[in-house]
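*Asks:* I'd like to ask you about the structure that follows.
Please treat every number below as a calculation from the coordinates, not as lab data. In this text, all values refer to a predicted model and were calculated from it rather than measured experimentally. In this analysis, Cβ positions are derived from the backbone assuming ideal geometry, glycine residues included, and neighbour counts consider all displayed protein chains.
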């Protein structure tokens, strides 16, 4: 029997995407010392907002990734709503990221690409 999974999203920049690619699209990279929390989000709309507004600063490209995580693993975390109801995310402490990565089912896929205004936008 296959364990139930939950679909999550993560907006990332090019550097983080390169690190994900280096793992065969199976893991997120460790957090930096000034990043104590890993924030996967609960819906594509919110992820696209972040990728298009924050990850495109100074002409950079933002990507939205989609992946599945075992639901039993996520059950110990509360969904945090940080604005309107679409702004839902999980707060995973950096020291628990390896366990989170171990709970990913399948691979992390890039589902959209966002560029700074006037630079084009679309599917990867």
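*Asks:* Once you keep just the Cα pairs under 8 angstrom separated by 6 or more residues, what percentage relative contact order results for region 12-124?
*Replies:* 35
*Asks:* Ranked by Cβ crowding within 10 angstrom, fewest neighbours first, how are 73, 67 ordered?
*Replies:* Fewest-to-most ranking of 73, 67: 73, 67.
*Asks:* Further question on the same structure: Which one, (i) 16.2, 61; (ii) 14.2, 48; (iii) 16.5, 50, gives Rg and Dmax of the Cα atoms in Å as derived from the coordinates shown?
*Replies:* Structure-derived value, by its label: (ii).
*Asks:* Mind sorting 114, 87 by how few other Cβ atoms lie within 10 Å of their own Cβ, fewest first?
*Replies:* 87, 114
*Asks:* Order these by the 10 Å Cβ neighbour count, fewest first: 98, 113.
*Replies:* By the 10 Å Cβ count, ascending, the order reads 98, 113.
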